[in-house]
Amino acid sequence: MKVSKRSKQVAETIQQQLMAGGMETVMSWGVSRWSVGELEDKRPFLALDVNGLLHQGETRIILEWSDTYTVQNLTEGQVIKEQSDVYFDEVTSVVDLFVEYPGSDEEYRAAIDKIFNYG
């Protein structure tokens with residue numbers, strides 16, 4: 001699927017905004033692939049293949065006509081979680097809540113303990 005130069009530029013900007021929000025946070029998502037796409041109505045998006053604590057699969061960050069983002073988690077091509085009206089300075093935090101961090105340090109530690117059979 002061929003995407004426009006504008007979509008590639010938008011995806012690059014999204015990636016820069018994610019990294020500016022915290023490189024360590026982005027690394028915790030276990031991203032194995034970054035890709036650019038366009039929806040049927042030509043809205044550009046950045047897709048990440050993630051391997052996080054909360055989600056394993058595709059996470060999309062879509063630029064909306066209102067200059068905000070919609071963040072989606074997808075499983076087998078179906079949207080399973082979505083948040084709209086995300087501003088650029090919130091995008092890393094929202095993706096982190098979708099992919100890796102359950103919302104509190106206590107919940108995060110409990111989830112890690114469960115995975116590694118610590119508790």
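Computed from the coordinates by the stated procedures, all read-outs in this text should not be read as laboratory data. Predicted, not measured: the structure shown is a model, and the values here were computed from it. Because the Cβ atoms are built from the backbone with ideal geometry, glycine has one as well, and the counts that use them run over all protein chains shown.
Annotations for the structure displayed:
- Matching residues, the stretch 1-53, being among the β-branched types (Val, Ile, Thr) and under 12 Å from the mean Cα position of the chain (by Cα): 14, 25, 26, 31, 50
- The condition of being in contact with an Asp or Glu (Cβ under 6 Å, 6 or more places away or on another chain), surrounded by 12 or more Cβ atoms within 10 Å (Cβ to Cβ) and not in a strand (DSSP E or B) holds for only one of 53, 97, that being 53.
- Of all residues making up the stretch 54-79, the number that are touching a residue at least 40 places away in the same chain (Cβ under 8 Å) and either farther than 16 Å from residue 92 by Cβ or within 11 Å of the chain's Cα centre (by Cα) (or both): 4
- Any chance residue 89 is under 24 Å from residue 9 (Cα atoms), in contact (Cβ under 8 Å) with a residue 60 or more places away in the chain and either touching a Ser or Thr at 6+ places or on another chain (Cβ under 6 Å) or among the acidic types (Asp, Glu) (or both): yes
- Selection of first residues in the stretch 7-35 that are touching a residue at least 60 places away in the same chain (Cβ under 8 Å) and of second residues that are outside any loop (DSSP other than H, G, I, E, B) and aromatic (Phe, Trp, Tyr), restricted to Cβ pairs under 7 Å at least 6 apart or on distinct chains, gives the following pairs, ordered by first then second residue: 17/88.
- Checklist (1) assigned to a helix (DSSP H, G or I); (2) free of Cβ contacts under 8 Å to residues at least 24 places away in the same chain; (3) among the small types (Gly, Ala, Ser) applied to residue 47, failing item: (1)
- Test: residue in the stretch 54-70 that is closer than 24 Å to residue 111 by Cα, of a type in the set (Gly, Ala, Ser) and in contact with a helix residue (DSSP H, G or I) (Cβ under 9 Å, 6 or more places away or on another chain): no
- Residues in the stretch 27-75 that are out of contact with any strand residue (DSSP E or B) (no Cβ under 8 Å at 6 or more places or on another chain), more than 13 Å from residue 10 (Cα to Cα) and of a type outside the set (A, V, I, L, M, F, W, C): 5 in all.
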